[in-house]
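Read through the structure below, which is laid out as C-alpha coordinates, and then see the notes.
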Amino acid sequence: MSPFKGCLTGGVPDAILAFMIPANRPDTVHLRAFTEADLAFLDRLCTDPDALGEFEWPGFGDPRARRKRWELDGYISAESASVAIARADDTVVGIVTWKPRGFPLGVTYEIGVGVLPEHRGQGVGTAAQKLLVDYLFGRTTANRIEALTNGGNLGEQKALERLGFRREGVMRGRSFYHGEYVDVLVYGLLRSEHSPGTT
(Lines give C-alpha, C1' and ligand atoms only; values in the text may rest on other atoms or scores of the structure.)
Protein backbone atom coordinates (compact mmCIF):
# COMPACT_ATOMS: atom_id res chain seq x y z
CA MET A 1 0.00 0.00 0.00
CA SER A 2 1.32 3.46 -0.86
CA PRO A 3 2.33 5.66 2.09
CA PHE A 4 0.59 8.47 0.21
CA LYS A 5 -2.84 6.81 0.17
CA GLY A 6 -5.42 9.52 0.73
CA CYS A 7 -3.15 12.24 -0.68
CA LEU A 8 -3.19 11.25 -4.34
CA THR A 9 -6.08 13.51 -5.22
CA GLY A 10 -3.95 16.58 -4.53
CA GLY A 11 -5.56 17.27 -1.16
CA VAL A 12 -3.79 16.74 2.15
CA PRO A 13 -5.81 15.28 5.04
CA ASP A 14 -6.11 17.43 8.15
CA ALA A 15 -4.23 14.83 10.20
CA ILE A 16 -1.20 15.17 7.93
CA LEU A 17 -1.34 18.95 7.92
CA ALA A 18 -1.54 19.00 11.72
CA PHE A 19 1.54 16.80 11.89
CA MET A 20 3.48 19.19 9.64
CA ILE A 21 2.80 22.28 11.76
CA PRO A 22 4.79 22.46 14.99
CA ALA A 23 2.58 22.93 18.05
CA ASN A 24 2.96 26.11 20.10
CA ARG A 25 5.69 27.50 17.83
CA PRO A 26 4.14 30.54 16.08
CA ASP A 27 7.60 32.07 15.48
CA THR A 28 8.87 29.21 13.33
CA VAL A 29 8.07 27.73 9.94
CA HIS A 30 5.59 25.03 9.02
CA LEU A 31 5.02 22.81 6.02
CA ARG A 32 1.79 22.81 4.04
CA ALA A 33 0.44 21.75 0.67
CA PHE A 34 0.71 24.25 -2.16
CA THR A 35 -2.43 26.18 -3.06
CA GLU A 36 -3.40 28.19 -6.10
CA ALA A 37 -2.26 31.33 -4.28
CA ASP A 38 1.30 29.92 -4.34
CA LEU A 39 1.58 29.71 -8.13
CA ALA A 40 3.65 32.91 -8.32
CA PHE A 41 6.18 31.31 -5.96
CA LEU A 42 6.30 28.16 -8.09
CA ASP A 43 6.73 30.27 -11.26
CA ARG A 44 9.67 32.06 -9.62
CA LEU A 45 11.47 28.73 -9.17
CA CYS A 46 11.52 28.37 -12.99
CA THR A 47 12.40 31.95 -13.91
CA ASP A 48 14.70 33.34 -11.19
CA PRO A 49 18.22 31.78 -11.09
CA ASP A 50 18.66 33.01 -7.50
CA ALA A 51 15.42 31.52 -6.18
CA LEU A 52 16.75 28.02 -5.52
CA GLY A 53 20.31 29.06 -4.80
CA GLU A 54 23.63 28.54 -6.45
CA PHE A 55 23.68 24.77 -5.90
CA GLU A 56 20.15 23.97 -7.08
CA TRP A 57 19.50 26.12 -10.19
CA PRO A 58 19.13 23.64 -13.10
CA GLY A 59 19.07 26.30 -15.83
CA PHE A 60 16.14 27.84 -17.65
CA GLY A 61 13.28 25.54 -18.51
CA ASP A 62 9.59 25.72 -19.27
CA PRO A 63 8.28 28.48 -16.97
CA ARG A 64 4.90 26.71 -16.95
CA ALA A 65 6.28 23.36 -15.78
CA ARG A 66 5.69 23.82 -12.06
CA ARG A 67 2.24 25.31 -12.65
CA LYS A 68 1.33 22.27 -14.77
CA ARG A 69 2.54 19.91 -12.04
CA TRP A 70 0.43 21.73 -9.44
CA GLU A 71 -2.64 21.42 -11.68
CA LEU A 72 -1.93 17.71 -12.20
CA ASP A 73 -1.66 16.52 -8.59
CA GLY A 74 -1.00 19.45 -6.26
CA TYR A 75 2.62 18.28 -6.04
CA ILE A 76 1.75 15.23 -3.95
CA SER A 77 1.97 11.80 -5.56
CA ALA A 78 3.47 8.39 -4.84
CA GLU A 79 6.34 9.11 -7.26
CA SER A 80 7.44 12.46 -5.80
CA ALA A 81 6.06 15.18 -3.57
CA SER A 82 6.77 18.77 -2.63
CA VAL A 83 5.20 21.07 -0.06
CA ALA A 84 5.65 24.70 0.85
CA ILE A 85 7.78 26.03 3.68
CA ALA A 86 5.71 28.83 5.19
CA ARG A 87 6.21 31.41 7.94
CA ALA A 88 3.73 31.91 10.77
CA ASP A 89 1.80 34.41 8.60
CA ASP A 90 1.65 31.71 5.85
CA THR A 91 4.10 33.50 3.53
CA VAL A 92 5.82 30.86 1.39
CA VAL A 93 9.61 31.07 1.77
CA GLY A 94 10.75 27.77 0.29
CA ILE A 95 10.05 24.21 -0.75
CA VAL A 96 10.86 20.72 0.55
CA THR A 97 10.69 17.59 -1.57
CA TRP A 98 10.71 13.83 -1.11
CA LYS A 99 10.66 10.83 -3.40
CA PRO A 100 10.93 7.08 -2.82
CA ARG A 101 14.25 5.35 -3.44
CA GLY A 102 15.57 1.86 -2.85
CA PHE A 103 13.55 -1.35 -2.70
CA PRO A 104 10.77 -1.93 -1.97
CA LEU A 105 9.22 1.50 -2.36
CA GLY A 106 8.51 3.14 0.97
CA VAL A 107 11.67 1.95 2.75
CA THR A 108 13.89 4.87 1.68
CA TYR A 109 13.09 8.48 0.78
CA GLU A 110 15.40 11.10 -0.71
CA ILE A 111 14.69 14.64 0.52
CA GLY A 112 15.62 18.08 -0.74
CA VAL A 113 15.12 21.71 0.28
CA GLY A 114 15.19 25.14 -1.34
CA VAL A 115 14.80 28.45 0.49
CA LEU A 116 14.37 31.84 -1.19
CA PRO A 117 17.50 34.03 -0.91
CA GLU A 118 15.85 36.65 1.29
CA HIS A 119 15.10 33.98 3.92
CA ARG A 120 18.42 32.11 3.99
CA GLY A 121 20.80 32.15 6.93
CA GLN A 122 17.94 32.12 9.45
CA GLY A 123 17.67 28.39 10.11
CA VAL A 124 14.63 28.01 7.86
CA GLY A 125 16.08 25.16 5.80
CA THR A 126 17.19 23.19 8.85
CA ALA A 127 13.81 23.64 10.58
CA ALA A 128 11.91 22.63 7.44
CA GLN A 129 14.01 19.54 6.86
CA LYS A 130 13.49 18.52 10.49
CA LEU A 131 9.71 18.81 10.05
CA LEU A 132 9.92 16.74 6.87
CA VAL A 133 12.07 14.03 8.49
CA ASP A 134 9.65 13.86 11.45
CA TYR A 135 6.74 13.60 9.02
CA LEU A 136 8.30 10.81 6.93
CA PHE A 137 9.31 8.72 9.94
CA GLY A 138 5.97 9.39 11.63
CA ARG A 139 3.62 8.84 8.68
CA THR A 140 5.33 6.46 6.24
CA THR A 141 7.11 3.10 6.35
CA ALA A 142 10.49 4.80 5.86
CA ASN A 143 13.47 3.18 7.53
CA ARG A 144 15.98 5.51 5.87
CA ILE A 145 16.00 9.15 4.78
CA GLU A 146 18.80 10.27 2.49
CA ALA A 147 19.97 13.54 1.00
CA LEU A 148 22.44 14.36 -1.76
CA THR A 149 24.31 17.64 -1.72
CA ASN A 150 26.97 19.41 -3.76
CA GLY A 151 30.43 18.98 -2.27
CA GLY A 152 30.75 22.77 -2.00
CA ASN A 153 27.44 23.31 -0.21
CA LEU A 154 28.82 23.61 3.32
CA GLY A 155 25.60 25.14 4.70
CA GLU A 156 23.51 22.11 3.72
CA GLN A 157 26.16 19.69 4.97
CA LYS A 158 26.11 21.38 8.41
CA ALA A 159 22.30 21.42 8.47
CA LEU A 160 22.09 17.70 7.72
CA GLU A 161 24.69 16.87 10.35
CA ARG A 162 22.78 18.93 12.94
CA LEU A 163 19.75 16.78 12.19
CA GLY A 164 21.71 13.58 12.81
CA PHE A 165 22.47 12.61 9.22
CA ARG A 166 25.76 10.83 8.62
CA ARG A 167 27.99 11.49 5.65
CA GLU A 168 28.18 8.11 3.95
CA GLY A 169 30.10 8.68 0.78
CA VAL A 170 31.19 10.76 -2.17
CA MET A 171 30.02 10.34 -5.75
CA ARG A 172 32.92 11.80 -7.68
CA GLY A 173 32.19 14.08 -10.64
CA ARG A 174 28.45 13.35 -10.52
CA SER A 175 27.22 16.89 -11.32
CA PHE A 176 28.15 19.67 -13.72
CA TYR A 177 28.21 23.08 -12.03
CA HIS A 178 29.57 26.43 -13.25
CA GLY A 179 31.57 24.85 -16.03
CA GLU A 180 33.12 21.95 -14.13
CA TYR A 181 32.30 18.52 -12.81
CA VAL A 182 31.77 18.41 -9.06
CA ASP A 183 31.41 15.77 -6.37
CA VAL A 184 28.10 15.00 -4.70
CA LEU A 185 27.98 13.88 -1.06
CA VAL A 186 25.57 11.24 0.23
CA TYR A 187 24.00 11.66 3.68
CA GLY A 188 21.73 9.16 5.44
CA LEU A 189 19.62 8.88 8.58
CA LEU A 190 18.02 5.66 9.83
CA ARG A 191 14.79 5.40 11.80
CA SER A 192 16.74 3.97 14.76
CA GLU A 193 18.93 7.11 14.79
CA HIS A 194 16.06 9.58 14.65
CA SER A 195 15.03 11.74 17.61
CA PRO A 196 11.61 13.29 16.87
CA GLY A 197 11.05 16.92 17.77
CA THR A 198 14.69 17.85 18.38
CA THR A 199 17.21 19.72 16.24
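For Asp90, the solvent-accessible surface with a 1.4 Å probe is about 70 Å², rounded to the nearest 10. Averaging 1/r over each pair of different alpha-carbon atoms in the chain and inverting the result gives 17.3 Å, the Kirkwood hydrodynamic radius.
Where Lys and Arg each count +1 and Asp and Glu each count -1, what net charge lies around Trp57 among other residues with Cβ under 13 Å from its Cβ?
Values: positive: Arg44; negative: Asp48, Asp50, Glu54, Glu56.
Its environment carries a net charge of -3.
Using +1 at the Cβ of each Lys and Arg and -1 at the Cβ of each Asp and Glu in the range 16-154, identify which of Pro100, Leu154, Gly123 lies farthest towards the dipole's positive end. So the residue we want is Pro100. Taking the protein heavy atoms of the chain in the context of the full set of protein chains, the accessible area attributed to carbon and sulfur is 52 percent at 1.4 Å. Does the range 101-171 come out rounded, prolate or oblate, given a ≥ b ≥ c as the square roots of the eigenvalues of its C-alpha gyration tensor, rounded meaning a/c under 1.5 and, failing that, prolate meaning a/b above b/c? Taking the square roots of the gyration eigenvalues as a ≥ b ≥ c, the range 101-171 is oblate.
Excluding ligands, DNA and RNA, the accessible surface per residue across the range 66-136 is 40 Å² with a 1.4 Å probe. Highest mean first, the peptides 71-83, 104-116, 55-67 sorted by other C-beta atoms within 10 Å per residue fall in the order 104-116, 71-83, 55-67.
The values are calculated or read from the model by the stated rules, or taken from the named source; none is laboratory data. Fair warning: this is a prediction, and the values are worked out from it, not measured in the lab. No Cβ is skipped: glycine too gets one built from the backbone with ideal geometry, and neighbour counts run over all protein chains shown. These accessible areas exclude ligands, DNA and RNA; they are computed on the full protein's heavy atoms, side chains included. Shrake-Rupley method; radii C 1.70, N 1.55, O 1.52, S 1.80 Å.
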